[in-house]
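Colleague: Dumping the structure here so I can ask a few things about it.
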Amino acid sequence: MLNSLFKFFASLKLAVISILSLAAVLATATILESMYGMRSAHVLVYGTWWFTGLLFLLGTNVLCAAMIRYPWKRHQTGFVITHCGILIILFGSLMTQKLGVDGNLPIVEQTEDNEVVMNDLVLGFYDQNNNLIKEYPVRESATQKDGIILELDFPNSEKIVVDRFIPRAVAERNVENSPLPGVGAPAVEVELANQRFRMKEWLAGNRPGTPTEMNLGPAVLTIQKLWSSEEEKSFLSKTAGEGPARAKNKTNSLGTLLVSYRGLEVRLPVAEALKHWKSLANSELEVSVDEYLPFAIVQNNHLVSKSNVPANPALQISLRDSTGKLEKHTVFANFPEFKTLHGATGGNNLGVKFRFLANAPGPEGKSENESLPFVGKKRGRLSFAVSPDDKKLYYRVIAASGGVNGVGEVEVGKEQSTGWMDIRFKVNKWFPAAVQEERPHYVEYISGTDGNFLTGLRLTHYANNAGEKPETAWLLENRARTMNVGGTPVTVAFGKNRLMLPFKIFLQKFTMGTDPGTSKAATYESDVTVRDRVNGVDKVAKISMNEPLKYGGYYFYQASYQMEEGRPPVSVFSVNYDPGRWLKYLGAIVMVLGILTMFYMNPHYWDKILGKKKVST
Amino acid sequence: VTKLLLLLAVTSATVLNATPSVRKDFNWQELSRLAIQDRGRLKPIDTFARETVLFITGKSGWAGMIPIEVVFSWLVTFENNWENEPFVRVDYSPLKKLIKLDPTSNYFSPVELSKSDELKKILRDAVEKDNRKEKLSDIEKKAVQIQNQLGLLEGIVRGDALSILPNPAGINQNWYSLAYLIDSSQGQLPYIPEDREKLATDLKSVLNAYLNSDAASWNASLPNLATLIRTSLSHGSYPTESSLSREIQYNKLRPFRLSWILYVLAFATLLIFQVTKARVSQYLGAAFLFSAFGVHAYGFFMRCMIAGRPPVTNMFESVIWVTWGCVLFSLFIWAAYKNSVIPTAASVFAIVGLVLADNLPAVLDPSIQPLEPVLRSNFWLTIHVLTITLSYAAFALSLCLGNVVLGNYLFRTSNTQWIQQASLYMYRAVQIGVVLLAAGTILGGVWADYSWGRFWGWDPKEVWALTALLLYLAVLHGRYSGWLRGFGFVAATVMSFLGVLMAWYGVNFVLGVGLHSYGFGSGGLVWVSLYIGLQIAFILAAYAKNLRVHGPGGAKVSIFPKN
């Protein structure tokens, strides 16, 4: 029985069958990849247990085929060497798969980092102090999958269910009226049209104070909130100029803190309140900004600033009253919906709401949407503004030449002329204060693109009260949101798993060379310093295409980069740790030598040489 | 009137009288030997003009004018003579129908095309799709091509596609285009005022000579302008005379066209020998074959010298290399077995490959372009690509021989002796291929490890190289196991070439995904599918005949050396 099994695994026919089935599987996988992208091919084929099984079958076949012929005859030298080589390669690959690390490390210029982005997805839950409660791996699928993907139970039969996985998502912007007073920025849905085109777009920002700007076809659209009657007057004046929007205040460079308390609202320049107690008018309350974090991230359960790049501006705020009651708040400019109070125990908080209006560039929807026919032409400007009392929406049209074509109050649904290029505009809807939600929308089929889509999740939150309608929340990869679980805020973050290296890499400078006379990239180069505090190493190195950095068993390759107007460049390294590398090289050499021996050496070469020797001795 | 002309104060009356006709006795050589910076490379204007005219008109000249003359005429007399002239090639019928162009014509005027609102709409959709990272439809791709054709034309007319003014700061710095001569930009030219002045004067006399059809003054004034640009303006930052003339020579010689013609002659004479057994035709055939092979190699070498790297990065270059390798291996096996059917079969592949390369510039782009960053100055890249593609050459040889054997099964069925012999040659070609493909795939792993830190990443190109290898391995193991004998071996070997076809062509032209994206292209799918269909039909026909003549099991052929 065992013998016949051995024979079966050693048989040539099994070899032919397993080789052909592997070929068929591989062919199918590449077709799937062209339809659904690289990640899907991995999820459907290369990363599955049965694919590993198929390789394992092949390995067994190769091994048995060599073993069954033992003791080997001399003419089988090539055959045995070749099969040995294949086994070594397969074993090396297994080691890589099980023990290796393969991820990406993006570093912003002039910052250091050690956070490697891996390929697998995780869903993490954090408490209000940003301490990790628990992390769950998220199972991927190649197409959109509904059903219970993850079920997370909380006390009192409250639960959060991940019930949709979206493998390829584009963010769809959903703008709606702000549910909370003091939160949100003005938003307007504008339609522009003439005989040649018709376009519709939401114009909405994150910051009420600074105008949000967007290019729509031949026009620059802006929207802002007017805070005082002076601003209102200036906006509606018929004299040329850009309106009051551009006024920039140096002391205001960090942004504004909007404090709402007892039906009042105060705007505090952050720079003035930084490390200074400021009292709030008509109250006994005092507020101070303890820390300004331009690029807030959670590290080791603490909120720190990753760099001075204002990518995720946040403020840590202290609030006290005359009785000595002290509250700590954290407020994010980009995530106004986060609850700000730490350690709220209900009932005894001071009832103050904060909103941080950062002056830094935030993640706006579309900033640049150049349509071909208008390239190079100067654009006209259509500005909207919400009156201080939030009751009216005004418009102001400035022609491409710079003159004011018209100002007035907007009538919803009525087409109005801009007075240039025959373009009319119409406001379909507007909100004085709106919140935007990014809802992941499934992209079914891709082809020919780089396939760099984000993934998305749908979560349903079932409250303990059976009668209450479950709340649906959407999460796009690399985003977080706060949910109210059992009366306490819990932050749910979704994204790629991270690996912390035991040392950091500091990116001194990223340079991109171009082909002469073009803007086509020709070379990429990163000047970095390895900062290993444990071993006291400070090593300067240059990483360029095909010239990786090797440190601590890890290889760092120049993989790609991100360059955007007004932001420091980001260099992306591919980080690799591969304990099976040397085995794969060894196996490869052995295999090729084996094939050469098999095909090109006279099959009886060794017989002859060694046979003759026998005779001569 | 072109701004350039206005600036140089050439009177518009002269322009109006100028005709786009052939200028008699004009010496264009001096102009074509000047260098231009185009798409990241310095090349002679000769090359630029040939590529441009081919791209815009689909032809290698227009109305009797050579390419450089056409480009010059566009620059100078576009608005009077060309704007309404139908010369922009649009030959994709579905697009023509959609944008309401005359379906019977393949040529349209720039004005007609740029006025088309339908075209604009398609382009606007294409831009939006592109923003959303969606794949463009064939119609949109062709529309974008029209846009690029018109864009290039506009660039020439405005002068900013013509970067012929050297940058004295260094040969690889950005050069200056003729558009810099216009208005305020002139001040940005890093030349001393006298040179700038002289540039304007010289250019003006050249333009006037052209507009007045004055050959004598053209031939007299052009060298002045050329010398000024080459020496005074460049301060030594200029490509050498020899590198420019080498490329011009390459353009003129068209070595790959010459070599396919010679391969045709070789094939014909060797075929005559196969039929008549006349010794003289064998010698003649060998002579043609060796000269074709020599010219082929020379062309390849020239291209290496011009590009400064081995030509291994696009489909055109790999076709050139693989056809050459196929003939090379046929010479080896010919030398070993002394049967001239081997080079005869190989020359068919060389002819097909080179004719395609010579005549399908849209699919197989013959222009020399700079490398993608990841491919630069990399030893392993060159080695792994050359090794893998050489294995394709060996497999192609086995394919050609296989089809000859199949032909014998079909038409000379009783000829088992011969079939046996030819199958052995096939087997040798497969052996060469398997070693090269195994080694090349591994070298690819070495390169990937070296460049990306991954020995193996399941990238479609490497997966298909592996699949092709597995197919041939299955054939070899099938033969050892006794499943594949005689006909089976031949048929399976021929079919395995489909794996090579997929790895070589399919991944880049059909799947269009993965990291090897620098070789992507499109086109030819219909023809490749047609070939596959015919190949399968041919195998089935031969199989049926084999069974009918020799009964169940087919002809008894035991071809292989025992090992």
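The values are calculated or read from the model by the stated rules, or taken from the named source; none is laboratory data. This one's a predicted model, so the numbers in the text were calculated from it and none came from an experiment. Cβ sites come from the backbone with ideal geometry, for glycine too, and all protein chains shown count toward neighbours. Ligands, DNA and RNA are excluded from the accessible area calculation, which covers all protein heavy atoms including side chains. Shrake-Rupley method; radii C 1.70, N 1.55, O 1.52, S 1.80 Å.
Colleague: Whole-Hz ³J(HN,Hα) for each residue in the range A:533-538, computed from phi via Karplus 6.51 cos²θ - 1.76 cosθ + 1.60 with θ = phi - 60°, x for glycine and proline: what do you get?
Modeller: Each residue of the range A:533-538 in turn: 6, 4, 9, x, 9, 9 Hz.
Colleague: Can you give the convex hull volume of the alpha carbon atoms of the range B:111-266 per residue, in Å³?
Modeller: Given the Cα convex hull of the range B:111-266, per-residue volume reads 240 Å³.
Colleague: Follow-up question, since we're still on this one. Taking every pair of distinct Cα atoms and averaging 1/r, then inverting, what Kirkwood hydrodynamic radius in Å comes out for the range B:156-213?
Modeller: The Cα-based Kirkwood calculation yields 12.2 Å.
Colleague: Along the charge dipole of the protein assembly as shown, Cβ charges K/R +1 and D/E -1, which of A:Phe79, B:Asn167, B:Val507 sits furthest on the positive end?
Modeller: Value: A:Phe79.
Colleague: Give me the mean projected area, in nm² to one decimal, of the convex hull enclosing the Cα positions of the range B:400-510.
Modeller: 7.7 nm²
Colleague: Could you tell me which residue out of B:Gln37, A:Gly580, B:Tyr180 lies farthest along the dipole of the protein assembly as shown toward its positive end? Charges go on the beta carbon: Lys and Arg +1, Asp and Glu -1, centred on the Cα centre.
Modeller: So the residue we want is A:Gly580.
Colleague: Could you pull the Rg and Dmax for the range B:108-162, using just the Cα atoms, both in Å?
Modeller: Radius of gyration, then largest Cα-Cα span, for the range B:108-162: 12.2, 33 Å.
Colleague: If one takes the accessible area of chain A alone plus chain B alone and subtracts that of the pair, with a 1.4 Å probe, what total in Å², rounded to the nearest 100, results?
Modeller: In total, chains A and B hide about 5300 Å² from solvent.
Colleague: Heavy atoms only, probe 1.4 Å: what % of the accessible area of the protein assembly as shown goes to carbon and sulfur, would you let me know?
Modeller: Roughly 58 percent, rounded to a whole number.
Colleague: In Å, what Kirkwood hydrodynamic radius results for the range A:62-160 from the alpha-carbon pair distances?
Modeller: Computed over Cα pairs of the range A:62-160, the Kirkwood hydrodynamic radius comes out at 19.5 Å.
Colleague: Another question, if that's okay. Do the alpha carbons of any pairs in A:Lys238/A:Lys429; A:Lys278/A:Lys353; A:Lys98/A:Lys542 sit beyond 19 Å of each other, and which pairs?
Modeller: Distance filter (> 19 Å) returns A:Lys238/A:Lys429; A:Lys98/A:Lys542.
Colleague: While we're on this one: Could you work out the Rg to Rh ratio of chain B, with Rh taken as the Kirkwood radius (inverse of the mean 1/r over all Cα pairs)?
Modeller: 1.04
Colleague: What ³J(HN,Hα) values, in whole Hz, does the Karplus curve 6.51 cos²θ - 1.76 cosθ + 1.60 give for the range A:165-175 when θ = phi - 60°, with x put for Gly and Pro?
Modeller: My calculation for the range A:165-175 gives 10, 10, x, 10, 10, 10, 7, 9, 8, 10, 10 Hz in order.
Colleague: Just list whichever of B:Lys96/B:Lys461; A:Lys539/A:Lys584; B:Lys96/B:Lys129 have alpha carbons separated by over 25 Å in the model shown.
Modeller: The answer is B:Lys96/B:Lys461; A:Lys539/A:Lys584.
Colleague: Towards the positive end of the charge dipole of chain B, with charges on Cβ (+1 Lys, Arg; -1 Asp, Glu), say which of B:Leu476, B:Ala346, B:Ile146 has the farthest Cα.
Modeller: So the residue furthest toward the plus end is B:Leu476.
Colleague: Also, quick follow-up: List residues of the range A:405-428, by number, whose backbone nitrogen lies under 18 Å from a label position 7 Å along Cα→C-beta of A:Glu191.
Modeller: A:410-419, A:422-428
Colleague: When averaged across all projection directions, what area in nm² does the alpha-carbon convex hull of the range A:1-44 cover?
Modeller: 3.8 nm²
Colleague: Something else: If a/c stays under 1.5 just call it rounded; otherwise compare a/b with b/c (prolate if a/b is bigger, oblate if not). Do that for the range B:227-361, with a ≥ b ≥ c from the square roots of the Cα gyration tensor eigenvalues.
Modeller: Prolate shape, in that a/c is at least 1.5 and a/b is the bigger ratio.
Colleague: What value in Å³ per residue do you get for the convex hull of the alpha-carbon atoms in the range A:403-555?
Modeller: In the range A:403-555, the Cα convex hull volume per residue is 355 Å³.
Colleague: Quick check on the range A:493-592: take the gyration tensor over C-alpha atoms, sort the square-rooted eigenvalues as a ≥ b ≥ c, and tell me if it's rounded (a/c under 1.5), prolate or oblate.
Modeller: Here the range A:493-592 falls in the oblate category.
Colleague: Using Cα pairs under 8 angstrom and six or more residues apart, how large is the relative contact order of chain B, in percent?
Modeller: Relative contact order, chain B: 11 percent.
Colleague: At 7 Å along Cα-to-Cβ for each site, give me the label-to-label distance between A:Leu132 and A:Glu415 in nm.
Modeller: With each label placed 7 Å out from Cα toward Cβ, I get 5.7 nm.
Colleague: Classify the range B:34-151 as rounded, prolate or oblate, taking a ≥ b ≥ c as the square roots of the eigenvalues of its Cα gyration tensor: rounded when a/c is under 1.5, otherwise prolate if a/b is larger than b/c and oblate if not.
Modeller: oblate
Colleague: Compute, for chain B, the length of the dipole vector about the Cα centre, with Cβ point charges of +1 (Lys, Arg) and -1 (Asp, Glu) only. Units Debye, rounded to 20.
Modeller: 2360 debye
Colleague: Relative to the longest principal axis of chain B, what angle (0 to 90°, nearest 10) does the C-alpha long axis of helix B:279-307 take?
Modeller: 50 degrees
Colleague: Which three semi-axes in whole Å describe the equivalent ellipsoid of the range B:313-424, each the square root of 5 times a Cα gyration tensor eigenvalue, listed largest first?
Modeller: Ellipsoid half-lengths, sorted descending, are 33, 16, 10 Å.
Colleague: In whole angstrom, and with the biggest value first, how far do the Cα coordinates of the protein assembly as shown range along each principal axis?
Modeller: Largest to smallest, the principal-axis extents are 113, 97, 59 Å.
Colleague: Rounded to the nearest 20 Debye, what is the dipole magnitude of the protein assembly as shown about its Cα centre when Lys and Arg each give +1 and Asp and Glu each give -1 at the C-beta?
Modeller: 4200 debye
Colleague: So, how do all the Cα-to-Cα distances of the range B:378-429 break down into 5 Å bins, in percent, from 0 on up?
Modeller: Spelled out bin by bin, the range B:378-429 gives 5, 20, 21, 15, 11, 8, 7, 5, 4, 2, 0 percent.
Colleague: Taking the square root of 5 times each eigenvalue of the Cα gyration tensor, what semi-axes in Å does the equivalent ellipsoid of the range B:215-261 have, largest first?
Modeller: Semi-axes (√(5λ), whole Å): 29, 17, 5.
Colleague: Still on this structure: Name the trypsin sites (Lys or Arg not before Pro) in the range A:456-536 that are in a loop by DSSP and that have at most 10 other C-beta atoms within 10 Å, would you?
Modeller: Counting only loop positions with at most 10 other Cβ atoms within 10 Å, the trypsin sites (Lys or Arg not before Pro) in the range A:456-536 are A:Arg533.
Colleague: In 5 Å bins starting at zero, report the fraction of Cα pairs in the range A:52-119 per bin as a rounded %.
Modeller: Histogramming the range A:52-119 at 5 Å steps yields 3, 14, 17, 13, 11, 9, 8, 6, 6, 5, 4, 2, 1 percent.
Colleague: Let me ask something else about it. Roughly how much of A:Tyr462 is accessible, in Å² to the nearest 10, using a 1.4 Å probe?
Modeller: 90 Å²
Colleague: Find how much the distance from A:Val117 to A:Leu593 grows on full extension, using 0.36 nm per residue of separation minus their present alpha carbon separation; answer in nm with one decimal.
Modeller: Full extension from A:Val117 to A:Leu593 adds 167.5 nm.
Colleague: For labels at B:Glu85 and B:Ala268 in the simple 7 Å Cα→Cβ model, what's the distance in nm?
Modeller: Here the answer is 3.7 nm between the modelled labels.
Colleague: For helix B:45-57, report the angle its Cα long axis makes with the longest principal axis of the Cα atoms of chain B; keep it between 0 and 90° and round to the nearest 10°.
Modeller: 80 degrees
Colleague: Additional query: Where does the protein assembly as shown land at 222 nm, in deg cm²/dmol rounded to the nearest 500, when only DSSP H runs of n ≥ 4 count, each adding -39500 (n - 2.57), divided by all residues?
Modeller: -13500 deg cm²/dmol
Colleague: Follow-up question, since we're still on this one. For a label point 7 angstrom out from the Cα of A:Leu586 toward its Cβ, which stretches of the range A:50-85 have the backbone nitrogen within less than 12 Å?
Modeller: Residues passing the 12 Å test: A:85.
Colleague: Can you pull the Rg over Rh of the range B:262-313, Cα-only, Kirkwood?
Modeller: Here the Rg-to-Rh quotient is 1.24.
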